[in-house]
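A short write-up of the structure that comes next.
Bear in mind these aren't lab numbers, they're just calculated from the coordinates by the rules spelled out. All of these numbers come straight from a predicted model, not from anything done at the bench. Heads up, the Cβs are rebuilt from the backbone with ideal geometry, glycines too, and the neighbour counts pull from every protein chain shown.
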Amino acid sequence: MRRIILFTGKGGVGKTTLSSATAVYLAELGKKTLVVSVDPAHSLSDVFEIELSPEPREIYPNLHAQEIDVYYSVEKFWGKLQEYLKSLLKWQGVEEVLSEELAILPGMEEVCSFLWINQHFSEGKFDVIIVDSAPTGETLRLLSLPDSASWWIKRVLPLQRKLMKFIRPAARMITDMPLPEDETYDALEELFYQVYHLYYTLQDPKISSVRIVTNPEKMVLRETEKAYTYLHLFGFNIDAILLNRVPTDRDSSESFREKYVEIIKNTFHPTPVFEIPQFKEEVLGIESLRKLGRAIYGDRDPSEIFFQDSPFDIIEENGHYVLKLYLREIPEAEPEIYRKDEDLIIKIKNFKKFFYLPRVLAKREIAKATISNNQLQIYFS
Ligand SMILES: Nc1ncnc2c1ncn2[C@@H]1O[C@H](COP(=O)(O)OP(=O)(O)OP(=O)(O)O)[C@@H](O)[C@H]1O
Ligand SMILES: [Mg+2]
């Protein structure tokens, strides 16, 4: 089965490094692998210490790498529509230079970069596509887009097109305003179709996995929790949390485990958490990446689907919301549940777990909580 594995996480946590290490490991296992960076601030070439281009380039047996160029991608996927918008803006008296800028809608650059994944996946040249994506905030915004796209496809496009057919001849007589032609609509439909197809593929848990990279630091973890909640709500399968830069020197590692690692494992249970040591030197070049790859996955194949299930559920029962969370063990005492900002904090003796509440729940009061087996059910008013 061909796979797409998308790495995301807060800025600077190690997304590029871990995606590269994963790709090197896969290539050594004989899988045809592409590692592609969709983050406009590229650094794949720095990590591999090899010059890369906007088209995939073989850099090692079985391993291709690509740094997507935003302008090139926009031209490729948005070009025809950009032309139309430009002519429309010019007609309204907008200057050439500015119309060039404005004809790229917000988010379009990122979307176009993402569409490469579609193309590579459809062509089927690679067994595994590793995506080094932008920091979580941007990735979340991008991944929540398809719902609005499908809304446009269903409702606005067909109507507009019919209307245009009807009014174009009359409009021609009274205005020289550039009107969208059938081919503009074709291009728009094609684009929407591709975006739709891409998200469909990214939401198929048998094909795509998201791996969130994080560090054992408070601020980073908070953003990880948030991404974890929302990515799941948007329907993406998170198959692992990669806890990067865990200190290994003996003194700090013991207290670190107590302080962070256990809480992190509780927090993301049942999603597996991979602990990755802090290396002494910066991770650069194939040799270091190979070592890091082993440190992440051990003997496991990095293209495995490490987890595929619902890590939590939010259901509605007679107008009330119930949040179902899985605990790592059957609790021996009554849980203490409280809220701090959007964070739900669950404490049972020494056990502690965090959960980032999505907006619908953050506004509500906690009414009661019950436990059955390892499942905690929290009722909101
Ligand atoms: N396990 C590790 N041991 C030692 N150094 C690491 C480790 N993981 C990452 N680094 C170093 O941390 C720095 C940041 O890593 P990287 O560039 O991969 O992060 P990023 O999440 O891609 O950042 P950005 O958000 O800027 O794209 C790099 O200098 C990298 O070499
Ligand atoms: Mg990076």
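Cross-link partners among lysines for LYS31, C-alpha distance below 16 Å, same-chain residues fewer than 8 apart left out?
Partners within reach: LYS125.
Roughly how big is the chain's charge dipole about its Cα centre, with Cβ charges of +1 (Lys, Arg) and -1 (Asp, Glu), in debye to the nearest 20?
Roughly 1160 debye, rounded to the nearest 20.
Decide, for the stretch 191-334, between rounded, prolate and oblate: order the square roots of the alpha carbon gyration tensor eigenvalues as a ≥ b ≥ c, take rounded if a/c falls under 1.5, and otherwise choose prolate if a/b is larger than b/c, else oblate.
Oblate, because a/c is 1.5 or more while a/b does not exceed b/c.
Could you give me the ³J(HN,Hα) list for the stretch 371-381, computed from phi with Karplus coefficients 6.51, -1.76, 1.60 and θ = phi - 60°, whole Hz, x at Gly and Pro?
Using θ = phi - 60°, the values come out as 10, 9, 6, 9, 9, 9, 10, 10, 9, 9, 6 Hz.
Would you calculate, for the chain, the mean residue ellipticity at 222 nm contributed by helices, counting each DSSP H stretch of 4 or more residues as -39,500 (n - 2.57) and dividing by all residues, to the nearest 500?
Per the formula, -13500 deg cm²/dmol.
Residue by residue through the stretch 312-320, what is 3J(HN,Hα) from phi via Karplus (6.51 cos²θ - 1.76 cosθ + 1.60, θ = phi - 60°)? Round to whole Hz and write x for glycine and proline.
Going residue by residue, I get 7, 9, 10, 10, 10, 10, 6, x, 10 Hz, with x marking Gly and Pro.
Place +1 on the Cβ of every Lys and Arg and -1 on the Cβ of every Asp and Glu in the chain, take the dipole about the Cα centre, and give the residue among THR22, ILE212, GLY79 whose Cα lies farthest towards its positive end.
Final value for the positive-end residue is ILE212.
Explain nothing, just compute: Karplus ³J(HN,Hα) = 6.51 cos²θ - 1.76 cosθ + 1.60, θ = phi - 60°, for every residue of the stretch 321-333 in order, whole Hz, x for Gly and Pro.
My calculation for the stretch 321-333 gives 9, 10, 9, 10, 10, 9, 9, 6, 9, 6, x, 8, 10 Hz in order.
At a Förster distance of 45 Å, what's the computed FRET efficiency of LEU284 paired with GLU336, Cβ-Cβ distance as r, to 0.05? Mind dumping the intermediate values first?
On the way: r = 46 Å, r/R0 = 1.02.
So the FRET efficiency works out to roughly 0.45.
For the stretch 53-84 and the stretch 313-381, what is the separation of their Cα centres, given in Å?
44
Could you name the lysines in cross-link range of LYS353, using Cα to Cα under 21 Å and dropping any fewer than eight places away on the same chain?
Straight-line reach from LYS353, under 21 Å: LYS10, LYS218, LYS226, LYS259, LYS265, LYS324, LYS340, LYS363, LYS368.
Could you order the peptides 108-116, 307-315, 37-45 from most to least packed, using the average number of other C-beta atoms within 10 Å per residue? Please report the intermediate quantities before stating the final value.
Working: 108-116: 22.3, 307-315: 13.7, 37-45: 18.9.
Ranking the peptides 108-116, 307-315, 37-45 by packing returns 108-116, 37-45, 307-315.
Sorted by average packing, counted as other Cβ atoms within 10 angstrom per residue and highest first, what order do 338-351, 183-196, 210-223 take?
In decreasing order of mean packing, 338-351, 183-196, 210-223 become 210-223, 183-196, 338-351.
Taking H placed 1.01 Å from N in the peptide plane, check which residues at least 5 places from LEU344 or on another chain put their amide H under 5 Å from its amide H.
Under 5 Å from the amide H of LEU344: PHE355, TYR356, LEU357.
If I require 27 Å or longer along the helix axis, counting alpha carbons, and a Kyte-Doolittle average no lower than -1.0, what helices from the chain are left? Use full DSSP H segments.
182-202
Is the chain rounded, prolate or oblate when judged by the Cα gyration tensor, a ≥ b ≥ c being the square roots of its eigenvalues, rounded requiring a/c under 1.5 and prolate requiring a/b larger than b/c?
The shape class here is oblate.
Which one of LEU242, LEU142, LEU289 has the biggest mean-square fluctuation once the chain is modelled by GNM with Cα springs under 10 Å?
Result for the chain, Cα springs under 10 Å: LEU142 fluctuates most.
Can you tell me which aspartates and glutamates have their Cα less than 13 Å from the Cα of LYS280? Leave out same-chain residues fewer than eight positions away.
Cross-link targets: ASP249.
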